[in-house]
Ligand code: TYD
């Protein structure tokens, strides 16, 4: 049996709050540790008290709009936090001769946004694509990727990097397009579309992503980067219209929220500053070397997602109580 440390384990992909972990909390092979990835003492202690064999490093600030308002926390969590994790793992795993304990590995979870924006419709992001980050968020993730690369190049530190496309699915926090649209539509609130709504993202079902990460750790070549993408490009406006249609289908006729859900809610608002036009991954390398491919087609994935949110209204209400209202007003008031 191996011991894994999963940072950001309570977050969307790693599991935004502890409720996400309800399903596993009673298992005796799992422990939740609340610690800040920037807190070197707390992180080192975890490595001292456990024979950690695998690190899956999800913990990160992930929302582009928040990074435009406050870049500092992105550098703290994403760059410094990654360095703290790398230092701790290196200290625990390095042998006296400078090599590392066998079968101990670090997987750094990153984003395709480090590659910038695609302008030619036939282009895709490959592992060899030059880094060209534009937002404070993507710049911070690019910096963290380079720090992992530096550890691999300098110390032969045993790691992999994965760069994924946009995730969607259960437990995603409603600051992101898909859960925000579902939540606003159910409340009959405006559905804010930035710019012309034709920006393209390549949507990946979160469970497919989690599987890809696991497969890279099992079958990937050490020191390699693998792009994980859904091969599923959609314009934002298409996403929003699909959600509206799916909600109309899934909500029973006697549900009072059904009357709220309409395309009339679609509202074009001021574009995001520096808004990247298109992201798209060709997941050829991970398919060829690791055998992974995106299994969930978008129609099934979005249906499962909308259904999950309808069945977890309490979770959503919990997310949008407290700080979220303030966030939403601040973010959308001048748009
Ligand atoms: P988002 O979910 O924030 O992911 P990312 O910026 O990392 O790709 O946004 C996905 C797309 O949806 C992006 O092009 C911005 C757009 N968007 C809107 O049009 N309205 C919104 O309210 C949000 C949150 C995003």
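Quick notes
- Kirkwood analysis of the chain, using all unique Cα-Cα pairs, places the hydrodynamic radius at 20.9 Å.
- Global size of the range 61-181 as Cα Rg and Dmax, reported in angstrom: 16.2, 54
- Length gained on full extension, residue 196 to residue 250: 16.6 nm, using 0.36 nm per residue less the C-alpha separation.
- Site pair residue 76 and residue 48 shows an inter-label distance of 2.4 nm when each label is modelled 7 Å from Cα along Cα→Cβ.
- Fully extended contour minus Cα-Cα distance, from residue 214 to residue 270, at 0.36 nm per residue: 16.3 nm
- Taking the range 205-248 and a reference point 7 angstrom along Cα→Cβ of residue 277, no backbone N atom is nearer than 12 Å.
- Calculated mean residue ellipticity, 222 nm, the chain: -12000 deg cm²/dmol, from DSSP H runs (n ≥ 4) at -39500 (n - 2.57) each, averaged per residue and rounded to 500.
Quick note: the coordinates plus some simple rules give every number you see, no bench work behind them. What you see is a predicted model; the values in this text were computed from it and never measured. Methodologically, a virtual Cβ is constructed for each residue, glycine included, from the backbone with ideal geometry; neighbour enumeration extends over all protein chains shown.
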